[in-house]
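Just so it is clear, none of the values below were taken in a lab; they were calculated from the coordinates. Only a predicted model underlies this, so the values are computations on that prediction, with no experimental measurement involved. For neighbour counting, all protein chains shown are included, and Cβ atoms are generated from backbone atoms with ideal geometry for every residue, glycine included.
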Amino acid sequence: MGIFKNIKNLFKKEIETEKLEQENNKEEKIKQEVNINEEISKLEETESKEIEVQNDIKLYDKGLSKTRDNFVNKLINLNKRTKKITDEYFEELEDILIMADIGVNTVLSFIERLKKRVKTENITDLDYLQEVIVDELFVIYVNNSILTNKIKFNPTGPTVLLFVGVNGVGKTTTIAKVANKLKKEGKSVLMIAGDTFRAGATEQLEEWSRRVNCSFVKGKEGSDPSSVIYDGIKKAQEENIDVILVDTAGRLQNKVNLMKELEKMNKVINSLIEGAPQETLLIIDATTGQNGISQAKNFKEITDVTGIVLTKLDGTAKGGIVLAIKEELDIPVKYIGLGEGIDDLEPFDIEKYIYGLFKDMM
Ligand SMILES: Nc1nc2c(ncn2[C@@H]2O[C@H](COP(=O)(O)OP(=O)(O)OP(=O)(O)O)[C@@H](O)[C@H]2O)c(=O)[nH]1
Ligand SMILES: [Mg+2]
């Protein structure tokens, strides 16, 4: 009980554990009379880790403020107004959750479970019920799933990440953000401008490659994206690049064509690097709500989507879409976009997400 508090404690614990580990290390080191400079840098590392965790939380906090202001405040108000837990209460709760884009089926089964708990546990206290609600929302996400937001990397050669999704969802921007992250981790990155369809798409990606300072391969406008990808991978292999990020065109007017094109791309990629692409990341714009979910269903039918990047969470009051994705698609959300800036991308973490959403209720 009290995932609420557990999450809050978790962050405290994360920092404390880190400190403890460092302390243990410290003793060892002193015993071995290793020089003191190493100790200092270890401690500095702990400090920077602490700052990093706090910054991550801040970003979630900022990125989820619209959802929180809307959905969570409504929830708090409802609970304040309510004297007794009645059917009307559940109906209002249902509306609030549906408005937050959690998805009708998810909400209905959620309400069922909640009603059951209220009955069997004989819950009358609204504060307690509030905790139960957060718990149950958390359960939707965690249930029966291996929670992996980790990107799969190729241990023996370049890793290929293919980015797909409809027009304007944020594919190109996300590639730039991911490249920036990987560069900071010390990896070498090459971007391939596989969107040869839209005028200006190549230039947009090229500009990002300059800004994050990574390699870049393009073809002529209108050329076959698979041949651009071929050239890009060849270059990456010659230059011993760690990660290849492939941009693709976002049109989906014709499912058969898109499927054929993706098939061809996959074939080319796979013929050059065994097991590649390691990830096919589908980009979904969180502000499009249920429409985004149906896009995902379409893509799931035509290609093997291994992860989702949910962009523009900062621009929506309907952050509940994360839960709908879990329930309706069961594809892991790997990253979330929380703004337009190069640093506004975070690996998805359900605990930080729940904290960012419900911190006013804690
Ligand atoms: N607020 C916000 N805006 C975002 C985010 N991610 C992307 N955008 C904006 O969304 C717009 C479209 O982004 P692009 O990266 O060009 O999208 P795309 O999918 O490559 O678009 P096409 O190439 O036309 O298919 C840009 O104005 C981005 O700045 C985000 O997480 N938050
Ligand atoms: Mg683009």
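Considering only the Cα atoms of the stretch 209-285, their convex hull presents on average a projected area of 6.2 nm². Within the shell defined by Cβ-Cβ distances under 13 Å, the residues around residue 244 carry a net charge of -3, with Lys and Arg each +1 and Asp and Glu each -1.
Applying 1/(1 + (r/R0)^6) with R0 = 41 Å to the Cβ-Cβ distance of residue 127 and residue 104 gives a FRET efficiency near 0.90.
Modelled this way, with points 7 Å down the Cα-to-C-beta line, the labels at residue 211 and residue 223 are 2.5 nm from one another. Taking a sphere under 10 Å around the Cβ of residue 336 and counting the other residues whose Cβ falls inside, with K and R at +1 and D and E at -1, yields a net charge of -1.
Counting charges near residue 166 (Lys, Arg +1; Asp, Glu -1) among other residues having Cβ under 15 Å from its Cβ returns a value of +2.
For the set 184/255; 115/150; 83/116; 116/300; 66/326, the pairs lying more than 31 angstrom apart at their alpha carbons are 184/255; 115/150; 116/300. Using R0 = 25 Å, the C-beta based FRET efficiency linking residue 257 and residue 330 works out to 0.40. Loop-located GluC sites (Glu not before Pro) across the stretch 263-362 with a Cβ neighbour count of 16 or fewer within 10 Å are 274, 340, with loop assigned by DSSP. For residue 85, no residue has an amide H sitting under 5 Å from its own, ignoring neighbours fewer than 5 places away on the same chain, with H placed 1.01 Å from N.
Could you work out how much longer the chain between residue 48 and residue 294 gets when fully extended? Use 0.36 nm per residue separation minus the Cα distance between them, nm to one decimal.
Gain on extension, residue 48 to residue 294, equals 84.5 nm.
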